[in-house]
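Before any comments, here is the structure.
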Amino acid sequence: MLDSRPHRLRRAHSRSRPLPQRALDDLRYIRETMERSAFTASPGWGQVLMGVTALAAAALARRQSTETRWLAVWLIEAGVAVAIAIPATQLKAQRAGLPLTSGPSRKFALGFLPSIVAATGLTFALVQAHQIGLLPGLWLLLYGAAVISGAAFSIPLLRSMGFCFLLAGALALLYPAWGNLLMAVGFGGLHMLFGAWIGVKHGG
Amino acid sequence: MAARLKLHGTNCAKSGPRRSSGARHADELPDLDRLIHERIRLGIVSALAINDSLSFNDLRRLLKTTDGNLSVHARKLEEAAYVTCHKFFEGRIPHSEYRLTPAGRRALEQYIQQMEELIRRTRRE
């Protein structure tokens, strides 16, 4: 059963930290583990909703008579997607008992945003150069790059989604006439497919 | 089932540098659940507490551990009925999906409360 106390004290002293310190470390470890795993559960159902609005946008954009109007539909859709993504992420973080600005969220944002900023700048440049037909390929490629970078610390599933976006973007650049269709497949279909997968497998 | 032991005489001794209060800690410390006190098992339970389920690979990546190590610790939690494991095949590839049981969630909550209480006591001293 129990060894003599001095013997046990000596052994424990030689290899362990003070118990209060261990308690602090354990609580920190629990919090960090939860934070890391929280982002594996990125807002899947939010992504599904974004996919639905993207499909609606694709259908609407297809009917537009001019490229400018087509562009306007997709820019509005981008705004709608952001308006869905932020509260969906916040809701998920709240359910996990974590702030939106927790470590994993910050890491994701830092990886995700540079490509989005690049996409915004290139969009302006291509619109100025009257090359709107290249926008679907550009958006899909850079969104894919953004997801892959942002998901560097997350589940492989998100990275797989990013690679699918890259593939869709490459096809859209090769076949600009399919641009709107590939936008529907990418921002609509991929978001819904992977979003549902995340929603079911990773807690909503 | 969940093996439980008192820290008295084991981890209690970890309060070594505070020799003047060490004995009092030893007398007052609550029972700690040794199953959760171990770092990898604590990680498994913590990760599952905010995810409905996680696969074996997700847990291995998250906890940065080896297959063998994770497998051993997950089995102990499973034997204690703290987690459940659902094994299935996708094509020919076997998958293991883990979920936290109500008993596992209660154990984690109790463990966190005990750690917080321990810190509060230390600050009061």
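What the table shows:
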{"quantity": "Out of A:Leu122, A:Leu135, A:Leu173, A:Leu190, sole residue that is under 24 Å from A:Ile76 (Cβ atoms) and touching a Cys at 6+ places or on another chain (Cβ under 8 Å)", "calculated": "A:Leu190"}
{"quantity": "The stretch B:42-57: number of residues that are more than 21 Å from A:Pro43 (Cβ to Cβ) and either within 7 Å of chain A (Cβ to nearest Cβ) or not polar (S, T, N, Q) (or both)", "calculated": "5"}
{"quantity": "Unique match (being more than 12 Å from chain A (Cβ to nearest Cβ) and either free of Cβ contacts under 8 Å to residues at least 12 places away in the same chain or charged (D, E, K, R) (or both)) among B:Ile119, B:Ile93, B:Ile112", "calculated": "B:Ile93"}
{"quantity": "Answer residue from the stretch B:62-84, given it is open to solvent by 20 Å² or more (accessible area, probe 1.4 Å) and among the small types (Gly, Ala, Ser) and is farthest from B:His37 (Cα to Cα) among those", "calculated": "B:Gly68"}
{"quantity": "Cβ pairs under 9 Å, 6+ apart, first in the stretch A:53-65 and modelled with pLDDT under 95, second assigned to a helix (DSSP H, G or I) and exposed (fewer than 15 other Cβ atoms within 10 Å of the Cβ)", "calculated": "A:Gln64/A:Ala72"}
{"quantity": "Of residues in the stretch B:21-52 being among the polar types (S, T, N, Q) and closer than 22 Å to B:Gln110 by Cβ, the one modelled with the lowest pLDDT", "calculated": "B:Asn51"}
{"quantity": "Residues being assigned to a helix (DSSP H, G or I) and surrounded by fewer than 21 Cβ atoms within 10 Å (Cβ to Cβ) - total across the stretch B:46-61", "calculated": "5"}
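The values are calculated or read from the model by the stated rules, or taken from the named source; none is laboratory data. These figures come from a predicted structure and were not determined experimentally. Positions of Cβ are generated from backbone atoms using ideal geometry, with glycine treated the same way; all protein chains shown enter the neighbour counts. These accessible areas exclude ligands, DNA and RNA; they are computed on the full protein's heavy atoms, side chains included. Shrake-Rupley method; radii C 1.70, N 1.55, O 1.52, S 1.80 Å.
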